Each structure stands twice: as C-alpha cells, then as structure tokens.
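All of the numbers you see were taken from the coordinates with simple rules; none came from a lab. Just so we're clear, the structure is a prediction, and the values are computed from it rather than from any experiment. Cβ sites come from the backbone with ideal geometry, for glycine too, and all protein chains shown count toward neighbours.
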Amino acid sequence: MTDFGERIKKIRLRSDMTQGELAELIGISEATLSRYEHNLRTSRWIYLVKMADMLGTSVDYLLGRTDLTVPVDILFKFYDSEVEKDSIFVAYDKMDDHQKALLMERAASLYKSRAEKAGLFAGK
C-alpha cells in the first residue's frame with residue numbers, strides 16, 4: 001500500500017509542481033512539505049482519518065466537504081461490473097458540454113434520491 005508521503009509526491013509530480021510551488025500554495029515551508037513526502041513528519045490529520053475509519057464515514061464528511069456519510073469507495077461497490085463503469089465513462093467523453101451538463105444534473109438528482117432512501121445522507 002502506498003503511504004501518505006508517496007501519494008503527495010506522486011500527485012504533485014503529476015501536477016507538474018515543484019515542492020516549493022505546492023508548499024507556497026498551501027501555506028507551508030518547502031522543508032515541511034519535504035518532510036511530509038519523506039514521511040519524516042506526521043500531522044494530526046492521522047487522528048481525523050482514524051476517527052472517520054472507526055465511525056465508518058469519510059474525512060470529507062467530518063470536515064463538511066460533503067453531506068454523503070459513506071466513503072466514495074464503498075459506493076462504487078454498488079456498480080455491477082468494471083465493464084459497466086468503463087462504458088459509462090466512454091459514453092460521457094463523447095458528449096458535448098450541454099449533454100454532459102444535462103446528464104450530470106439528472107444523475108445528481110437520481111443519486112441523491114437513492115442515497116436519501118438508503119440513509120446515506122446526513123439529515124438536513
């Protein structure tokens with residue numbers, strides 16, 4: 001399993017950013033970012049992750065970034081197969097912007113309705 005530091009570095013490099021650029025964007029020193037990437041420094045975030053895991057929810061939910069109480073990786077288990085997911089993405093890529101917007105609007109509505117029925121959203 002890939003660790004936190006390796007993931008940060010992988011995504012940073014994929015985004016074609018230097019440590020200095022990313023550090024400046026998030027408001028930390030380049031040295032601090034380097035320590036994270038080399039797993040020489042940990043943060044209190046680990047307790048947040050552990051809490052989310054123990055509660056069966058996501059860090060995004062605890063931080064208020066989503067109202068979805070179930071982690072996204074669990075939701076993917078609702079798909080019947082990888083082939084089905086792949087065909088959906090291929091079809092989406094072929095749509096124009098207007099078609100994509102209409103599809104996303106409809107999908108969001110259907111998803112929210114099903115998730116509410118299944119009790120996956122926090123009460124509002």
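Values as computed for the structure displayed
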read-out: Glu21-Tyr111 FRET efficiency (beta carbon distance; Förster radius 35 Å; 0.05 resolution); value: 0.50
read-out: Extension reserve of the Leu102-Asp60 stretch, reckoned as 0.36 nm per residue once the Cα distance is removed; value: 12.5 nm
read-out: Sorted by Cβ neighbour density within 10 Å, fewest at the top, the residues Glu37, Glu21; value: Glu21, Glu37
read-out: Residue order, fewest to most surrounding Cβ atoms within 10 angstrom, among Val90, Val49; value: Val90, Val49
read-out: Taking Tyr36, Tyr111, Tyr47 and counting other C-beta atoms within 10 Å, the order from fewest to most; value: Tyr47, Tyr111, Tyr36
read-out: Contour excess over end-to-end distance, with Cα ends at Asp53 and Ser29 and 0.36 nm allotted per residue; value: 5.7 nm
read-out: 31 Å Cα-Cα threshold exceeded, pairs from Lys10/Lys100; Lys10/Lys50; Lys9/Lys112; Lys9/Lys50; value: Lys9/Lys112
